[in-house]
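Here's the structure we're looking at; comments come further down.
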(Lines give C-alpha, C1' and ligand atoms only; values in the text may rest on other atoms or scores of the structure.)
Protein backbone atom coordinates (compact mmCIF):
# COMPACT_ATOMS: atom_id res chain seq x y z
CA UNK A 1 0.00 0.00 0.00
CA UNK A 2 1.70 3.20 -1.16
CA UNK A 3 1.92 6.20 1.13
CA UNK A 4 -0.02 9.14 -0.33
CA UNK A 5 0.37 11.71 2.47
CA UNK A 6 3.46 13.82 1.58
CA UNK A 7 4.40 14.48 5.22
CA UNK A 8 4.34 10.79 6.13
CA UNK A 9 6.29 9.97 2.98
CA UNK A 10 8.99 12.49 3.90
CA UNK A 11 9.27 11.04 7.43
CA UNK A 12 9.60 7.53 6.01
CA UNK A 13 12.28 8.58 3.52
CA UNK A 14 14.29 10.30 6.27
CA UNK A 15 14.23 7.14 8.38
CA UNK A 16 15.15 4.77 5.54
CA UNK A 17 17.60 6.82 3.45
CA UNK A 18 19.37 9.44 5.55
CA UNK A 19 22.00 7.93 7.84
CA UNK A 20 25.68 7.09 7.92
CA UNK A 21 27.20 3.62 7.71
CA UNK A 22 30.46 2.54 9.32
CA UNK A 23 33.05 1.18 6.88
CA UNK A 24 34.51 -1.33 9.31
CA UNK A 25 31.47 -2.85 11.07
CA UNK A 26 28.50 -1.71 8.94
CA UNK A 27 26.49 -0.20 11.81
CA UNK A 28 23.85 2.46 11.14
CA UNK A 29 24.62 5.85 12.70
CA UNK A 30 22.76 9.19 12.72
CA UNK A 31 23.67 11.88 10.19
CA UNK A 32 25.28 13.98 12.93
CA UNK A 33 27.67 11.19 13.98
CA UNK A 34 31.41 11.67 13.69
CA UNK A 35 32.33 8.28 15.18
CA UNK A 36 30.63 4.88 15.02
CA UNK A 37 28.31 4.05 17.92
CA UNK A 38 29.40 0.39 17.87
CA UNK A 39 33.15 0.24 17.17
CA UNK A 40 34.05 3.95 17.71
CA UNK A 41 35.77 4.16 14.32
CA UNK A 42 35.70 7.61 12.68
CA UNK A 43 35.61 6.22 9.10
CA UNK A 44 31.91 6.70 8.15
CA UNK A 45 30.13 7.05 4.82
CA UNK A 46 26.68 8.25 3.79
CA UNK A 47 24.17 5.62 2.76
CA UNK A 48 24.01 5.13 -0.99
CA UNK A 49 20.70 6.69 -2.09
CA UNK A 50 20.81 6.01 -5.84
CA UNK A 51 17.60 4.71 -7.33
CA UNK A 52 17.36 1.98 -9.92
CA UNK A 53 17.28 -1.73 -10.53
CA UNK A 54 19.88 -3.90 -8.82
CA UNK A 55 22.11 -5.75 -11.25
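The values are calculated or read from the model by the stated rules, or taken from the named source; none is laboratory data. Note that this is a predicted model, so its numbers are computed, not measured. Glycine also receives a Cβ, built like all others from the backbone with ideal geometry; neighbour counts cover every protein chain displayed.
Here are some notes:
- Neighbours by Cβ (under 6 Å, 6+ apart or cross-chain): first from segment 1-16, over 17 Å from residue 47 (Cα atoms); second at pLDDT 90 or above: 3/9
- Look at (1) surrounded by 12 or more Cβ atoms within 10 Å (Cβ to Cβ); (2) in contact with a strand residue (DSSP E or B) (Cβ under 6 Å, 6 or more places away or on another chain); (3) in contact (Cβ under 8 Å) with a residue 12 or more places away in the chain and you find that residue 37 fails only one, number (3).
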